[in-house]
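Remarks on the structure that follows.
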Amino acid sequence: MARKKIVAGNWKMNMTPSQAVALCEELKDLVKSEDVDVVYCVPAIDIVPVVEAVKGTNVEVGAENMYFEDKGAYTGEISASMLVDAGVKYVIIGHSERRDYFKEDDCLLNKKVKKAFEAGLTPILCCGETLEQREMGITLDWIRMQIKSDLVGVTAEQAASMVIAYEPIWAIGTGKTATTEQAQEVCKAVRDCIAEIYDAATAEAVRIQYGGSVNAANAAELFAQPDIDGGLVGGASLKADFGKIVNYK
Ligand code: PGA
């Protein structure tokens, strides 16, 4: 069965609650699609108003982060069950900004991935290399290490249902997109790694996004690659262009 494309916006730390609602209104007709799953991953404080604003549309809401504990004394954190109760369906885990600025490591991310599944959320697990790692020629080893450690204890059935976003760090927010060949090469390596951990059917089912300066001009070529099942979009998800990315064909 062909995999359905999935295009997710990663709003990062942008949009106040009222701006968020206005953006949903602006994008509403532009992001309509039957062929592509559309997700807005939004700041925690925007989740409740955005869930309300997209009601009755084809848009699902995602969080940008969560904590792995169920509840308790973790000031400032948000649990998986809070997200589910608020109407969230997806959660970004291990974005390179969280790995870098907030020192989230693969051991912590593995706990978050498992908790997300346990709660019924679909993780969008991010991986990606630095420019230095690419120049050293260790991109594929690095990505495989991230995927393998983040998925310890995750079942084949769970893995088949998840989304993995390959985002070369040097391409994020820089306007420097990976070439189509580079993006396809790593997305294929991610799929091969899933086949190795699980089996061919799981690898065939998992959806793998490319992220890093995706825009209305490059989406069609990227998404046409055999192992690229859509995109995780930062900057371009905050404007009308996002509609063109969703409707890239
Ligand atoms: P960008 O961000 O599209 O602005 O490069 C992508 C991401 O960080 O998810």
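The values are calculated or read from the model by the stated rules, or taken from the named source; none is laboratory data. None of the values given here were measured: they were computed from a predicted structure. Note: ideal-geometry Cβ built from the backbone for every residue, glycine included; neighbour counts use all protein chains shown. All accessible areas refer to the heavy atoms of the entire protein, side chains included, with ligands and DNA or RNA removed. Shrake-Rupley method; radii C 1.70, N 1.55, O 1.52, S 1.80 Å.
Computed quantities for the displayed model
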| quantity | calculated |
| --- | --- |
| R0 of 45 Å, Cβ-Cβ distance ASP100-ALA73: FRET efficiency to nearest 0.05 | 0.95 |
| Estimated dipole of region 1-53 in Debye, rounded to 20 [Cβ of Lys and Arg +1, of Asp and Glu -1, Cα centre] | 260 |
| Out-of-range pairs (alpha-carbon distance over 26 Å; input LYS55/LYS239; LYS115/LYS176; LYS114/LYS244; LYS55/LYS103) | LYS115/LYS176; LYS114/LYS244; LYS55/LYS103 |
| Per-residue [θ]222 nm for the chain (sum of -39500 (n - 2.57) over DSSP H runs n ≥ 4, rounded to 500) | -11500 deg cm²/dmol |
| Positive-pole candidate from GLN184, ALA216, LEU131, dipole of region 129-225, charges at beta carbon | ALA216 |
| Percent accessible area from carbon and sulfur atoms, region 1-117, protein chains only, probe 1.4 Å | 54 |
| R0 of 25 Å, Cβ-Cβ distance CYS107-SER81: FRET efficiency to nearest 0.05 | 0.70 |
| Average accessible surface area per residue within region 10-94, 1.4 Å rolling probe, Å² | 51 |
| Packing-based order for 87-95, 201-209, 146-154, using average beta carbon neighbours within 10 Å, highest first | 87-95, 201-209, 146-154 |
| Gained length - ALA22 relative to ASP199, 0.36 nm times residue gap less alpha-carbon distance | 59.3 nm |
| Extension reserve of the GLU185-ALA220 stretch, reckoned as 0.36 nm per residue once the Cα distance is removed | 10.9 nm |
| Assigned charges on the beta-carbon of Lys, Arg, Asp, Glu; the chain dipole about Cα centre (debye) | 280 |
| Selected from ILE245, PHE102, ILE78, residue furthest toward positive end of dipole (the chain; charges at beta carbon) | ILE245 |
| Solvent-accessible area per residue for region 191-240 (1.4 angstrom probe, square angstrom) | 34 |
| Equivalent ellipsoid, region 106-219 (semi-axes from 5 times Cα gyration tensor eigenvalues, Å) | 24, 15, 14 |
| Alpha-carbon Rg with Dmax, taken over region 194-244, Å | 13.2, 40 |
| Computed over the chain: relative contact order in percent, which uses C-alpha pairs under 8 Å that are six or more apart | 21 |
| R0 of 35 Å, Cβ-Cβ distance MET136-LYS32: FRET efficiency to nearest 0.05 | 0.20 |
| Part-to-part distance (alpha-carbon centres) for region 1-52 and region 146-213, which is given in Å | 22 |
| Cα convex hull volume per residue for the chain (Å³) | 117 |
